[in-house]
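The values are calculated or read from the model by the stated rules, or taken from the named source; none is laboratory data. Here the structure is a predicted model, which means the values were calculated and not measured. Note that each Cβ is placed from the backbone with ideal geometry, even for glycine, and that neighbours are counted across all protein chains shown.
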Amino acid sequence: MIFGKHIRLRGVEPEDLPFFVQWLNDPEVIEGLLFLAPLSLEDEKRWFEKLADHSPAERPLAIEIRDGDAWRIIGNCEFHNISQTNRSADLGIFIGDKSLWNHGYGTETMQLLLKHGFETLNLNRIMLVVYDDNPRAIRCYEKAGFVQEGRMRQAKFKQGRYGDELIMSVLRSEWDAKHLLEE
Ligand SMILES: CC(C)(COP(=O)(O)OP(=O)(O)OC[C@H]1O[C@@H](n2cnc3c(N)ncnc32)[C@H](O)[C@@H]1OP(=O)(O)O)[C@@H](O)C(=O)NCCC(=O)NCCS
């Protein structure tokens, strides 16, 4: 498990699937995601079964926060498209419990994933794609150290219109420099 100050990241278990189904059928949660509801529990079960084929580094992780003496799942995150040659990867995240948005959990998750990606997976570049009309996500990624490096014009079609997607990334050298400053 990967432990942070307020959260921990662990492997996804079958018991998590009903939470994902609930959250990924919520129009507000998926507004910034590729998902097109409706999604059934059977769909999620099939997705879960295929995870065994993913490399361990590309399996999704459940995001949990403390709930008294226990831990409570609030969302999930994952690395994908890991390239051994380029030492690069993409990141994805959602926090499904909307009452917990803007509490800093997204930023802490991204910080933990960056540390894991650079220090454990030995990556050199970590990137993500975000819709330009998702200011909460953009701000969260900026706080974690991501910089905008490109705009894909009219790359997504959602709710009857085209919108732009932003490419954001962090390089290992930038992350190292940031950490040296923070020490
Ligand atoms: C995007 C997401 C992961 C961010 O996680 P989070 O825990 O809510 O984010 P954080 O609290 O760490 O940071 C959010 C920041 O955005 C700011 N923010 C929120 N709404 C904003 C808005 N409309 N305009 C500008 N900033 C905004 C918050 O104030 C906070 O910044 P601050 O700490 O400087 O005040 C989460 O909201 C989420 O999962 N949303 C639904 C799915 C999604 O969009 N995923 C991302 C796909 S690319």
Determine if the stretch 11-26 includes at least one residue that is more than 11 Å from the ligand (Cβ to nearest atom), of a type outside the set (A, V, I, L, M, F, W, C) and within 24 Å of Pro135 (Cα to Cα). yes
Qualifying residue in the stretch 155-170 (condition: in contact with a strand residue (DSSP E or B) (Cβ under 8 Å, 6 or more places away or on another chain), surrounded by 14 or more Cβ atoms within 10 Å (Cβ to Cβ) and farther than 24 Å from Phe35 by Cβ): yes
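Each row is one residue, and each column tells you yes or no for (1) over 17 Å from the mean Cα position of the chain (by Cα); (2) within 14 Å of the ligand (Cβ to nearest atom); (3) without any contact (Cβ under 8 Å) to a residue 40 or more places away in the chain.
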{"site": "Met127", "(1), (2), (3)": "no, yes, no"}
{"site": "Val130", "(1), (2), (3)": "no, yes, no"}
{"site": "Arg139", "(1), (2), (3)": "no, yes, yes"}
{"site": "Lys143", "(1), (2), (3)": "no, yes, yes"}
{"site": "Gln148", "(1), (2), (3)": "no, yes, yes"}
{"site": "Arg153", "(1), (2), (3)": "yes, no, yes"}
{"site": "Lys156", "(1), (2), (3)": "yes, yes, yes"}
So is Thr107 modelled with pLDDT of 95 or more, within 9 Å of the ligand (Cβ to nearest atom), more than 14 Å from Gly32 (Cα to Cα) and under 18 Å from the mean Cα position of the chain (by Cα) or not? yes
Kindly state which strands (runs of 3 or more DSSP E) lie completely within the stretch 52-123 and contain at least 3 residues that are touching a helix residue (DSSP H, G or I) at 6+ places or on another chain (Cβ under 7 Å) and surrounded by fewer than 16 Cβ atoms within 10 Å (Cβ to Cβ). none
